[in-house]
1. Could you check how many residues of region 201-237 are under 34 Å from the mean Cα position of the chain (by Cα) and among the polar types (S, T, N, Q)?
2. When you check Ser194 against the structure, is it farther than 16 Å from Thr97 by Cβ, of a type outside the set (A, V, I, L, M, F, W, C) and surrounded by 13 or more Cβ atoms within 10 Å (Cβ to Cβ), yes or no?
3. Taking region 161-191 only, how many residues are surrounded by 15 or more Cβ atoms within 10 Å (Cβ to Cβ) and within 21 Å of the chain's Cα centre (by Cα)?
4. Just checking, does region 82-104 include any residue being open to solvent by less than 40 Å² (accessible area, probe 1.4 Å), within 30 Å of Phe238 (Cβ to Cβ) and out of contact with any helix residue (DSSP H, G or I) (no Cβ under 9 Å at 6 or more places or on another chain)?
5. Can you tell me which residues in region 105-135 are without any contact (Cβ under 8 Å) to a residue 60 or more places away in the chain, open to solvent by 60 Å² or more (accessible area, probe 1.4 Å) and not hydrophobic (A, V, I, L, M, F, W, C)?
6. Go through the residues of region 225-242 one by one and say whether even a single one is among the charged types (D, E, K, R), open to solvent by less than 90 Å² (accessible area, probe 1.4 Å) and touching a residue at least 40 places away in the same chain (Cβ under 8 Å).
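The values are calculated or read from the model by the stated rules, or taken from the named source; none is laboratory data. Please read all numbers here as calculations on a predicted model, not as lab measurements. In this analysis, Cβ positions are derived from the backbone assuming ideal geometry, glycine residues included, and neighbour counts consider all displayed protein chains. For accessibility, only protein heavy atoms count, side chains too; no ligands or nucleic acids. Shrake-Rupley method; radii C 1.70, N 1.55, O 1.52, S 1.80 Å.
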Amino acid sequence: MKKKMLKKLKSHRNILFIIIILSLFSPTVAYAQPNAFEIPRIGIEVGEAKTPRDIVNTFEILFVFTILTLAPSILIMMTSFTRIIIVLSFIRNALGTQQTPPNQVLIGLALFLTFFIMAPIGDDINKNAIQPYLDGIIDQEQAFDNAMAPIRTFMFKQTRNKDLSLFLNLADMDAPENLDEIPNKVLIPSFMISELKTAFQIGFLIFVPFIIIDMVVASTLMSMGMMMLPPVIISLPFKILLFIMVDGWNLVVKTLITGFK
């Protein structure tokens, strides 16, 4: 009975994970016909569990709430969002504009750029996992595997071999013969630190021209004897002017999008 309950909980976890992935990656999805499945009735009540089915339902609810709590952070770290938001933060810090653009604007821009980049993956998941499962062609386990396949392919393309080797060694695993043998517990953290390194490399290149402007302004003020005037106040307009002249937002967004393989 215990094995049956665990198997059922795992099935519900897979279904919920697929639905969350699809809703995040593809904002426009062609769903199945309304009559293809029934909308469940949801109710919350507290009482004593009298049958094994009541116990299973309780575990299902707890498991669903746990997945809903962790899923946003997990899925964000498995997409292009991490690199994008870090690079956008570097831009704001390099310009020295404090809270302009505000955090809400940067996060919103990062989310929509993530939707744009991950949309083909969402379409693939909908075509090969969600729709076949709703039509009864494949089971839950196969739907979960089909949904993870394009995500794993995306992460492998962005992940460095050095980072994969690090987590393989830490997990005491032998060198795999192919990528299919690498588990998600190794791939996901490898992908995350690879994205962090790439984001910091881009951030360094963004900082260089603005640091040069700060140095020139500071040297000019010192040569003029204006020690008490903060160089940041003078350099800020020049940095903003440089960013506008090179059409910085267009250049950064283009670099971010084309940088994903």
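1. Residues that pass the stated criteria total 1.
2. Working: farther than 16 Å from Thr97 by Cβ: yes; of a type outside the set (A, V, I, L, M, F, W, C): yes; surrounded by 13 or more Cβ atoms within 10 Å (Cβ to Cβ): yes.
When the stated conditions are applied, Ser194 passes them.
3. Residues in region 161-191 being surrounded by 15 or more Cβ atoms within 10 Å (Cβ to Cβ) and within 21 Å of the chain's Cα centre (by Cα): 10 in total.
4. No, region 82-104 contains no residue that is open to solvent by less than 40 Å² (accessible area, probe 1.4 Å), within 30 Å of Phe238 (Cβ to Cβ) and out of contact with any helix residue (DSSP H, G or I) (no Cβ under 9 Å at 6 or more places or on another chain).
5. Pro120, Lys127, Asn128 - these are the residues of region 105-135 that are without any contact (Cβ under 8 Å) to a residue 60 or more places away in the chain, open to solvent by 60 Å² or more (accessible area, probe 1.4 Å) and not hydrophobic (A, V, I, L, M, F, W, C).
6. For region 225-242, residues among the charged types (D, E, K, R), open to solvent by less than 90 Å² (accessible area, probe 1.4 Å) and touching a residue at least 40 places away in the same chain (Cβ under 8 Å): present.
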